[in-house]
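Participant: This structure is in structure tokens; I'll ask about it shortly.
Computed from the coordinates by the stated procedures, all read-outs in this text should not be read as laboratory data. Computed from a predicted model, the values in this text were never measured in an experiment. All Cβ positions, glycine included, derive from the backbone under ideal geometry; neighbour counts span all protein chains shown.
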Amino acid sequence: MTGKEVEKLLKDVHDGNKSVEEALEILKSFPYTDLGFARIDHHREMRTGYPEIVYCAGKTTEQVREIFRVMIEKENNVIGTRANQEMYESIRKICPEAVYFHEARIISVQNKKPDIPDTSIAVITAGTSDIPVAEEAAVTAELLGNKVLRIYDAGVAGIHRLVDKLPEIRSCRVIIVIAGMEGALASVVGGLVDKPVIAVPTSVGYGANFGGISALLAMLTSCSAGVTVVNIDNGFGAGLSASMINRMK
């Protein structure tokens, strides 16, 4: 429930369009619903501007379906990250409108279309192997109401692939850079633009990459000003942060 929805509910009571009892019925599970294995936070959208987003990994298919069911009943937009095909098929039985983004591993149910600002978010990958993390970031940003420019496979081994896209990149309000191996691309982009850069290290790489640790440390020690870093493979975190920046008034 958003602040605007609560305001409308109170106005309906004030104007006599709803009774106090009807309003109490709507608010009785506010601010959360207790399912025993999860307590779903309906108050989050009012506090942060975004509804609770479900991290599906580690949950059973039945748990994910029940969480989605309650959130759909509340007419919330629902995003489930790190979801698999089995979870999607289960949710689709109770909500045929559910959509699965296979590469991003995201399940989405959109009950309300968000307003979309004129400005965009760029999502750039160093290599093709980084695309699954990039798609998690890009799809998250799009579902939260943003236009996204995708530029994939533009790493430092062939930097000319990035340079010819600079005019488009510079037109965006915030840039997400996703790279494994040594993670150098974030520093390069940070030195070429005057916009905030959100760097995402990935676990892509050979042994000395240490599952993304080398890219993480390289990004954290970047000499380019304006580069901030999220956790390894955390495309969702980058997409959400970029959305918050892009949608600031």
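Participant: Through the Karplus equation 6.51 cos²θ - 1.76 cosθ + 1.60, θ set to phi - 60°, convert the phi angles of region 120-128 into ³J(HN,Hα) values in whole Hz; use x for Gly and Pro.
Facilitator: Those phi angles translate into 10, 10, 8, 10, 10, 10, 6, x, 5 Hz.
Participant: I would also like to ask the following. Counting just the Cα atoms, what span does region 120-246 cover along each of its three principal axes? Round to the nearest Å and put the largest first.
Facilitator: On the principal axes, region 120-246 reaches 38, 27, 25 Å in Cα extent.
Participant: Something else: If packing is taken as the average number of other Cβ atoms within 10 Å across a peptide's residues, how do 176-187, 198-209 rank, most packed first? Please list the in-between numbers first.
Facilitator: Values: 176-187: 27.4, 198-209: 21.2.
Highest to lowest by the protection proxy: 176-187, 198-209.
Participant: Can you give the angle from 0 to 90° between the axis of helix 3-15 and the longest principal axis of the chain, with both taken from C-alpha atoms, to the nearest 10?
Facilitator: 20
Participant: Would you work out the relative contact order for the chain, in percent, from Cα pairs under 8 angstrom that are 6 or more residues apart? Spell out each step's value before the answer.
Facilitator: Details: 487 pairs, mean separation 33.4, N = 249.
Value for the chain: 13 percent.
Participant: Another one. Report the Stokes-Einstein translational diffusion coefficient (µm² s⁻¹, integer) for region 31-109, Rh taken as the Kirkwood radius over Cα pairs, at 10 °C with viscosity 1.306 mPa s.
Facilitator: On the way: Rh = 12.5 Å.
Stokes-Einstein gives a translational diffusion coefficient of 127 µm²/s.
Participant: Would you list which aspartates and glutamates come within 13 Å of Lys165, measuring only between C-alpha atoms, while excluding same-chain residues fewer than 8 positions from it?
Facilitator: Within the straight-line cut-off, Lys165 pairs with Asp153.
Participant: Under 27 Å from the Cα of Lys18, which lysines turn up, not counting those fewer than eight places away in the same chain?
Facilitator: Lys18 reaches Lys4, Lys8, Lys28, Lys74, Lys112, Lys113.
Participant: Separate question: Quick one: what are the phi-derived ³J(HN,Hα) couplings along region 53-67, Karplus 6.51/-1.76/1.60 with θ = phi - 60°, whole Hz, x for glycine and proline?
Facilitator: Each residue of region 53-67 in turn: 10, 8, 8, 7, 4, x, 9, 6, 4, 5, 5, 4, 4, 5, 4 Hz.
Participant: How high is the relative contact order of region 120-246, given as a whole-number percent (alpha carbon pairs under 8 Å, six or more residues apart)? Walk me through the numbers before you get to the answer.
Facilitator: Numbers: 306 pairs, mean separation 37.2, N = 127.
For region 120-246, the relative contact order is 29 percent.
Participant: Here's another thing I want to ask about it. For n ≥ 4 DSSP H runs only, could you compute -39500 (n - 2.57) per run for the chain, divide by its residues and tell me the 222 nm figure to the nearest 500? List each step's numbers first, then the result.
Facilitator: Numbers: 11 runs with 97 residues, N = 249.
Dividing the helical sum by the residues of the chain leaves -11000 deg cm²/dmol.
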